[in-house]
Amino acid sequence: MKQKRGNLFILSAPSGAGKSSLITALIERNNDMKVSVSHTTRNPRPGEEEGVHYHFVSVDEFKAHINEGHFIEWAEVFGNFYGTSKVVIKNLLDNGVDVFLDIDWQGAQQIRELFPEVITIFIAPPSRAALRQRLIGRGQDESEVIEQRMIEAKSQISHYPEFDFIIVNDDFEQCLSELALITRAQRLKATNQAVKFDHLLKDLLAND
């Protein structure tokens, strides 16, 4: 039987829209899905673990990875660098694992050039007021940083036409259900099913 190749998904959203929580919840319910652990130069936030949430590296280490061609995409956001490992993504997909990338629109553009089949999903907040309240509620940023994130959110949201799907995260469970529907639909595409049921389809078409 042919090896089923995994699907590659990109989730993008402004800070505070809830994409990380959605990815975590979806993966907890599906053992054949993984989120790619990116490299970053920013400091860990409370509760974040090395190798689980990010690979935390110095700026010099990050730039060395760029020069070595280690990243499939990378970007600078709020003065920090973020990058996605090329080898890790390829190995997961080749082993039939669905992979989620939690990256911004800049990274999404870079990924599309190398993986035209990637499925891109934009997570939008229900309102600017709700987004601001979520950022405040996280208790992670000073007021000046929150205002900067609100400005950046407008820039992020302006790129929504570039994505395949848009989900508004007003009700978390509803949003999670819609995200799961997208992943199921992708798995049921003819190209994926033809590999999964290769033996069955050949048998059905065989001459008696």
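Structure notes:
- 1 or more residues closer than 27 Å to Ala194 by Cβ: qualifying strands (runs of 3 or more DSSP E) within the range 1-116: 8-12, 33-35, 71-77, 98-102
- Qualifying residues in the range 87-131 (those that are under 17 Å from Ala185 (Cα atoms) and of a type in the set (Asp, Glu)) - the one modelled with the lowest pLDDT: Glu117
- Filter pass, Ile111 being in contact with an Asp or Glu (Cβ under 6 Å, 6 or more places away or on another chain), more than 14 Å from Gly16 (Cβ to Cβ) and of a type in the set (Val, Ile, Thr): yes
- Residue count, the range 70-97 (criterion: surrounded by fewer than 18 Cβ atoms within 10 Å (Cβ to Cβ) and of a type in the set (Asp, Glu)): 2
- Residue list for the range 125-147, restricted to those being in a helix (DSSP H, G or I) and exposed (fewer than 11 other Cβ atoms within 10 Å of the Cβ): Ala129, Gly137, Ser143, Glu144
- Looking only at residues of the range 42-51 that are surrounded by 10 or more Cβ atoms within 10 Å (Cβ to Cβ) and not acidic (Asp, Glu), we find that the one that is nearest to Gln140 (Cα to Cα) is Arg45.
- Index of the failed condition, Gly16 passing every other in (1) modelled with pLDDT under 90; (2) in contact with a Phe, Trp or Tyr (Cβ under 8 Å, 6 or more places away or on another chain); (3) crowded, with 18+ Cβ neighbours inside 10 Å: (2)
- Subset tally (residues that are within 11 Å of the chain's Cα centre (by Cα) and not basic (Lys, Arg)) for the range 1-52: 14
- Condition check for Leu179: more than 26 Å from Gln109 (Cβ to Cβ) and either in a helix (DSSP H, G or I) or touching a Leu at 6+ places or on another chain (Cβ under 6 Å) (or both): no
- Lone unmet requirement of (1) under 28 Å from Thr191 (Cβ atoms); (2) loosely packed, with under 14 Cβ neighbours inside 10 Å for Asn67: (1)
- Looking only at the range 185-203, and only at residues there that are surrounded by 13 or more Cβ atoms within 10 Å (Cβ to Cβ) and charged (D, E, K, R), the one that is farthest from Ile119 (Cα to Cα): Asp198
- Single unsatisfied condition, Ser127 versus (1) closer than 17 Å to Asn7 by Cβ; (2) free of Cβ contacts under 8 Å to residues at least 60 places away in the same chain; (3) hydroxyl-bearing (Ser, Thr, Tyr): (1)
- Given (1) within 20 Å of the chain's Cα centre (by Cα); (2) free of Cβ contacts under 8 Å to residues at least 40 places away in the same chain, number of the condition Leu204 does not satisfy: (1)
The values are calculated or read from the model by the stated rules, or taken from the named source; none is laboratory data. Quick caveat: nothing in here was measured; it's all calculated off a predicted structure. Cβ coordinates were reconstructed from backbone atoms using ideal geometry, including for glycine residues, and neighbour counts include every protein chain displayed.
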